[in-house]
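S.K.: What follows is a single structure, and I will ask about it in a moment.
The values are calculated or read from the model by the stated rules, or taken from the named source; none is laboratory data. A quick note: this is a predicted structure, and the numbers were derived from the prediction, not measured. When we count neighbours, we look across all protein chains shown, and the Cβ atoms used for this are built from the backbone with ideal geometry, even at glycine.
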Amino acid sequence: MSLPAVDAPVGVKFANGAGETWSAGLCSSEALSVFEPSGYKILSETDTWDPTEAQNWVAGQLTRFGAKKIIAVYSANDNNGSGAIASFKAAGVNTMPPLSGLDASVPGLQHIIAGQQLMTTYNPFRKEAEIAAKAAYAFAQGKTPESDATVDGHPASLNEPVAVTLDTIMSTVIADEFWTVADLCTPEYKAACDKAGIK
């Protein structure tokens with residue numbers, strides 16, 4: 001999946017998470033910092049974590065702009081991405097534009113395997129839990145936990161998110177035992193898994 005030339009009359013559909021969520025606002029602002037100078041036009045955006053709302057909204061955008069003008073879909077998580085995919089399918093669009101996601105969910109990863117989603121974002125929760133446990137232990141001992149960053153003036157330990165694509169599923173979520181091959185390669189996705197070497 002790749003984007004067309006910037007001078008093409010096309011744009012990005014921007015589906016944020018719910019606006020009142022701190023993480024959604026942060027993801028939105030960071031994504032916009034990349035999109036705005038890119039030369040691509042953001043056709044429209046919405047704020048929701050509800051996959052059904054996302055699906056209905058995407059259906060409306062397809063009616064409004066037509067599938068050819070939507071050259072990419074920024075989705076705040078895999079569930080919203082699933083709604084977008086459902087809308088494109090319902091509109092008879094068999095080849096999805098590049099679609100992002102977040103959470104490294106089973107449906108999101110399966111959509112990547114099937115060629116319907118470009119990527120998802122994986123947060124290694126085991127590492128996050130280990131850091132949190134060490135911090136809790138330090139606090140219990142009356143000590144200050146180690147930190148490697150500062151957020152809003154406070155010491156913090158940041159768990160770097162990982163972009164997962166078809167080429168990196170085995171080396172990320174499978175290698176970390178976040179999911180197993182059996183979780184992802186259900187009968188519906190078995191052939192696509194075999195083709196991608198996920199086994």
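S.K.: Could you pull out the residue among F139, F178 that is among the aromatic types (F, W, Y) and not assigned by TED's automatic domain parsing to the domain that holds I85?
M.R.: The conditions single out F139.
S.K.: Are there any pairs, at least 6 apart or on different chains, whose C-beta atoms fall under 6 Å, with the first in the range 83-108 and touching a residue at least 24 places away in the same chain (Cβ under 8 Å) and the second part of a loop (DSSP other than H, G, I, E, B) and aliphatic (A, V, I, L, M), and if so, which?
M.R.: Correct list of pairs: F88/M96; P98/M1; P98/L118; L99/L118; S100/M119.
S.K.: Restricting the search to the range 92-108, which residues are at pLDDT 95 or above and within 10 Å of the chain's Cα centre (by Cα)?
M.R.: If the condition is that a residue be at pLDDT 95 or above and within 10 Å of the chain's Cα centre (by Cα), then A104, S105, G108 are the ones that fit.
S.K.: Do you know which of the residues in the range 40-73 that are modelled with pLDDT under 90 and among the polar types (S, T, N, Q) is surrounded by the fewest Cβ atoms within 10 Å (Cβ to Cβ)?
M.R.: Top of the filtered list is S44.
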